[in-house]
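**Student:** Following this message is one structure expressed as structure tokens.
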Amino acid sequence: MTNASAVPYMSITPAQPFTRFPDDEIEQSIPERFEQQVETHGERLAVRSELVSFTYRSLDQAANRVARRLLSRRGDEREAVALVFEHGASVLAAMLGVLKAGKFYVVLDPSYPRDRLTYMLGDSGARLIVADPRNLTLARDLSRGAGDLVVFDDFGESVVEASVGRYPSPDALAMILYTSGSTGRPKGVMHSHRNVLADVRNLTNEWGISALDRWLLHTSVSFANSVRTIFGSLLNGASVYPYDTKSKGLGGLAEWLLANEITILRSVPTTFRNFMSTLPENRTFPAVRILSVGGEPMLRSDLDHFNRHFLPHCVLVHPLGPTECLTVCWSCIPHGMRIAGNKLPVGYSLTDKDVLLLDEGGRELPEGEVGEIAVRSRYISPGYWRDPIRTKAAFQPDPSGSDMRIYLTGDLGVRLPGGCLVHLGRRDFLVKIRGFRIDVAEIEAALHNLEDIEDAVVVGREGPSGENRLVAYFVPRTRPGITVTKIRQGLARVLPDYMIPSAFVPMDAIPQTPNGKADRLRLPPPPRDRPQLDAPFAPAETATELELTRIWSEVLDLDRIGIHDSFFDLGGDSLLAARVSARVIESFGLELPMTALFEAPTPAGLANVIISHQLKELGDVGTAARLAAREAPPPEGARRLDRSEPA
């Protein structure tokens with residue numbers, strides 16, 4: 001049924017002594033567990049970003065100030081509080097402050113489109129927003145005067161604030177995590193304090209987490225993966241190190257990991273893959289003892305990267321963890337292990353999560369048969385916020401009559417002999433891109449709202465490097481039809497960047513099944529042709545432009561690149577930009593900042609940046625003249641070999 005190799009069941013041997021998380025201690029609130037860490041580790045570092053650092057005591061003080069402000073503004077009502085923060089240390093204090101006030105939080109990522117944020121704010125019912133100074137204008141625009149606003153600008157205060165002493169019950173709501181929804185709108189997944197503490201208990205005891213650990217936090221704090229990182233650290237006396245890949249790219253991540261001696265690195269396969277592509281062959285990370293990569297299938301090539309760039313004491317963890325369940329199962333793969341197939345298994349279920357494989361009738365299947373992955377546990381989401389119909393469809397009572405519930409994931413899997421689980425992908429049209437679970441119906445709804453598009457479907461396809469990517473197939477209302485440039489501009493107004501497809505394929509008609517539904521299996525693979533853009537095609541005229549178009553052609557897997565084509569209109573994203581930056585450094589010997597490609601996103605524009613840097617470094621007139629000669633138009637024969645224009 002599968003060519004993946006099973007891995008033996010194993011736990012991670014702690015690298016240092018740690019304190020076990022007792023089972024009965026999940027019967028409390030997150031603030032109670034955190035304040036226990038403050039008592040024990042008050043002067044230890046809790047979180048460090050480039051601008052702000054907190055010890056456990058100062059983080060507790062900041063959270064107490066937030067809690068008191070919320071209570072003075074809104075009273076002790078249990079309600080949603082929206083957080084609008086940059087990626088960094090301050091948002092962690094705000095999260096804890098909301099929980100200390102007995103309320104629950106919703107993170108509004110400032111990088112999301114305004115329409116999406118407005119919907120999330122309205123759907124959550126949050127009447128109060130906490131924002132950092134940088135996002136104050138955005139927060140005011142979102143609230144439109146209808147809600148209250150607290151500015152988080154007092155993390156440097158020396159005034160001691162005692163705990164408010166309000167501890168929610170373990171089953172009280174702690175957060176709403178918004179994910180992609182099939183109705184064209186995000187859906188809110190609810191989680192209680194008990195659920196989060198149960199997940200942290202598993203991480204603590206299985207990974208041997210101690211106060212000496214240092215966690216990298218590079219994914220948006222609005223997603224479940226960051227919940228595990230933040231609370232897995234702060235509820236164990238460890239340290240969190242936020243790093244914003246959206247603004248800094250992946251180019252400086254290696255130095256950040258080494259300088260801060262990160263011991264636990266969590267990522268998703270696509271980000272991990274692109275990060276590995278920026279590293280020199282001999283780069284290793286001696287401090288990392290756990291590399292956790294999940295959210296998408298991992299490939300054998302990812303295992304090769306692990307064995308090459310991490311040392312023998314490091315363990316690779318490949319988990320399965322839907323937002324609705326947090327962590328469900330994982331495989332722990334020792335350094336040096338090889339597999340026969342191309343996909344890594346997700347391993348074995350945790351002690352408090354039963355993983356079932358069900359047929360279409362809901363009957364449990366034996367080993368070797370493919371079925372839908374279902375999770376039975378006491379520690380899964382109560383359901384979807386204000387959506388009882390969808391909750392009833394996805395969450396079911398345990399037929400045995402226990403107090404456990406069953407969540408139907410929509411994922412397909414198979415269990416190998418011995419119980420090792422292999423994840424085979426989505427049953428429906430949900431896809432994982434860079435670790436984000438996306439319902440393509442939401443993207444299709446946005447495409448149908450563009451007046452120049454008659455019909456559209458979106459699918460996930462494997463890209464040239466093995467990662468998933470979104471491909472949109474559309475029927476234009478007129479010919480030649482809307483350009484890809486304008487489609488991207490329209491989608492960017494309503495969707496976050498990770499939900500915008502990397503390729504757009506015009507069609508005369510979408511193929512249909514006999515019952516009239518879109519036949520996704522008959523959709524052709526995306527062509528290597530240059531898409532129709534606003535900018536007309538213009539071939540490379542200089543050696544630097546020629547080299548850049550060759551690099552872009554290989555990274556983007558396109559046959560033709562014009563010198564005025566925007567990298568992002570061609571399907572590029574921040575992860576592919578990191579690959580281009582690494583190739584530019586290799587080809588031209590220049591340490592260009594990651595922002596160079598964002599500021600000059602065409603080959604012509606980037607060529608000018610490169611030449612300017614070269615001239616500054618060369619200095620003398622004679623050398624500059626030789627550079628100018630090198631930049632003369634290439635011979636006609638050489639231009640005919642360029643993949644960026646027709647032969």
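**Student:** As an exercise: evaluate GLN489 against (1) among the polar types (S, T, N, Q); (2) part of a helix (DSSP H, G or I); (3) touching a residue at least 24 places away in the same chain (Cβ under 8 Å) and give the number of the one condition it does not meet.
**Tutor:** Tallying (1) among the polar types (S, T, N, Q); (2) part of a helix (DSSP H, G or I); (3) touching a residue at least 24 places away in the same chain (Cβ under 8 Å), GLN489 fails exactly one: (3).
**Student:** Another one. With the condition kept exactly as written, say whether any residue in the range 143-160 is assigned to a strand (DSSP E or B), under 23 Å from TRP385 (Cα atoms), modelled with pLDDT of 95 or more and open to solvent by less than 60 Å² (accessible area, probe 1.4 Å).
**Tutor:** No, that holds for no residue.
**Student:** Test of understanding: among VAL459, VAL475, which residue is aliphatic (A, V, I, L, M), surrounded by fewer than 17 Cβ atoms within 10 Å (Cβ to Cβ) and touching a strand residue (DSSP E or B) at 6+ places or on another chain (Cβ under 6 Å)?
**Tutor:** On the way: VAL459 fails: surrounded by fewer than 17 Cβ atoms within 10 Å (Cβ to Cβ).
Only one candidate qualifies: VAL475.
**Student:** So if I check each of LEU203, LEU217, LEU177, which one is over 18 Å from LEU320 (Cβ atoms) and open to solvent by less than 10 Å² (accessible area, probe 1.4 Å)? Please lay out each step first, then the result.
**Tutor:** Numbers: LEU203 fails: over 18 Å from LEU320 (Cβ atoms); LEU177 fails: over 18 Å from LEU320 (Cβ atoms).
Only one candidate qualifies: LEU217.
**Student:** Conditions: (1) open to solvent by 20 Å² or more (accessible area, probe 1.4 Å); (2) in contact (Cβ under 8 Å) with a residue 40 or more places away in the chain. ILE482 meets all but one. Number of the miss?
**Tutor:** Condition not satisfied by ILE482: (2).
**Student:** Among THR270, THR327, which is the only one that is assigned to a helix (DSSP H, G or I), under 18 Å from the mean Cα position of the chain (by Cα) and among the hydroxyl-bearing types (Ser, Thr, Tyr)?
**Tutor:** The match here is THR270.
**Student:** Further question: Return a yes/no flag: does the range 270-282 have any residue that is touching a Pro at 6+ places or on another chain (Cβ under 8 Å) and open to solvent by 10 Å² or more (accessible area, probe 1.4 Å).
**Tutor:** For the range 270-282, residues touching a Pro at 6+ places or on another chain (Cβ under 8 Å) and open to solvent by 10 Å² or more (accessible area, probe 1.4 Å): absent.
**Student:** Applying the selection to the range 393-424, what residues are at pLDDT below 95 and charged (D, E, K, R)?
**Tutor:** ASP398, ASP403, ASP411, ARG415, listed by residue number.
**Student:** Tell me which strands (runs of 3 or more DSSP E) are completely within the range 170-237 and hold 3 or more residues being within 23 Å of the chain's Cα centre (by Cα) and farther than 30 Å from GLU444 by Cβ, or say none if there are none.
**Tutor:** The qualifying strands (runs of 3 or more DSSP E) are 214-217.
**Student:** Give the residue, chosen from ARG289, ARG300, that is under 16 Å from GLY232 (Cα atoms) and either open to solvent by less than 10 Å² (accessible area, probe 1.4 Å) or over 16 Å from the mean Cα position of the chain (by Cα) (or both).
**Tutor:** It is ARG289.
**Student:** If you go through the range 558-568 one residue at a time, how many are out of contact with any Lys or Arg (no Cβ under 6 Å at 6 or more places or on another chain), in contact (Cβ under 8 Å) with a residue 60 or more places away in the chain and either farther than 19 Å from THR485 by Cβ or open to solvent by 20 Å² or more (accessible area, probe 1.4 Å) (or both)?
**Tutor:** Matching residues across the range 558-568 total 2.
**Student:** Sticking with this structure for a sec: Quickly run through the range 385-404 and pick out the residues that are β-branched (Val, Ile, Thr) and surrounded by fewer than 11 Cβ atoms within 10 Å (Cβ to Cβ).
**Tutor:** Filtering the range 385-404 down to residues β-branched (Val, Ile, Thr) leaves 389, 391.
Answer for the range 385-404, where residues must be β-branched (Val, Ile, Thr) and surrounded by fewer than 11 Cβ atoms within 10 Å (Cβ to Cβ): just ILE389.
Conditions (1) farther than 26 Å from TYR498 by Cβ; (2) hydrophobic (A, V, I, L, M, F, W, C); (3) open to solvent by 10 Å² or more (accessible area, probe 1.4 Å); (4) part of a helix (DSSP H, G or I), marked per residue:
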site	(1), (2), (3), (4)
GLU43	yes, no, yes, no
LEU51	no, yes, yes, no
ALA62	yes, yes, no, yes
ARG69	yes, no, yes, yes
ALA82	no, yes, no, no
VAL91	no, yes, no, yes
VAL106	no, yes, no, no
ASP109	no, no, yes, no
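**Student:** Only helices (runs of 4 or more DSSP H) wholly contained in the range 552-647 count here; list those with 2 or more residues that are under 30 Å from PRO525 (Cβ atoms) and at pLDDT below 75. Working first, answer last.
**Tutor:** On the way: elements: 574-588, 595-599, 603-618, 621-630, 636-640.
Of the helices (runs of 4 or more DSSP H) lying wholly inside the range 552-647, those with at least 2 residues that are under 30 Å from PRO525 (Cβ atoms) and at pLDDT below 75 span 636-640.
**Student:** Where residues in the range 122-140 are open to solvent by 20 Å² or more (accessible area, probe 1.4 Å) and assigned to a helix (DSSP H, G or I), which of them is nearest to GLU86 (Cα to Cα)?
**Tutor:** ARG134
**Student:** Do we have ILE380 as of a type outside the set (Asp, Glu), within 23 Å of ALA198 (Cβ to Cβ) and assigned to a loop (DSSP other than H, G, I, E, B) here?
**Tutor:** yes
**Student:** Limited to the range 534-551, what total is found for residues that are part of a helix (DSSP H, G or I) and either in contact with a Gly (Cβ under 6 Å, 6 or more places away or on another chain) or open to solvent by 40 Å² or more (accessible area, probe 1.4 Å) (or both)?
**Tutor:** First, pick out the residues of the range 534-551 that are part of a helix (DSSP H, G or I): 543-551.
Next, from what is left, pick out any that are either in contact with a Gly (Cβ under 6 Å, 6 or more places away or on another chain) or open to solvent by 40 Å² or more (accessible area, probe 1.4 Å) (or both): 547, 550.
Number of matching residues: 2.
The values are calculated or read from the model by the stated rules, or taken from the named source; none is laboratory data. Quick caveat: nothing in here was measured; it's all calculated off a predicted structure. Reconstructed Cβ throughout: ideal geometry from the backbone, glycine too, with neighbour counts over all protein chains shown. Surface areas here come from the heavy atoms of the whole protein model, side chains and all, with no ligands, DNA or RNA. Shrake-Rupley method; radii C 1.70, N 1.55, O 1.52, S 1.80 Å.
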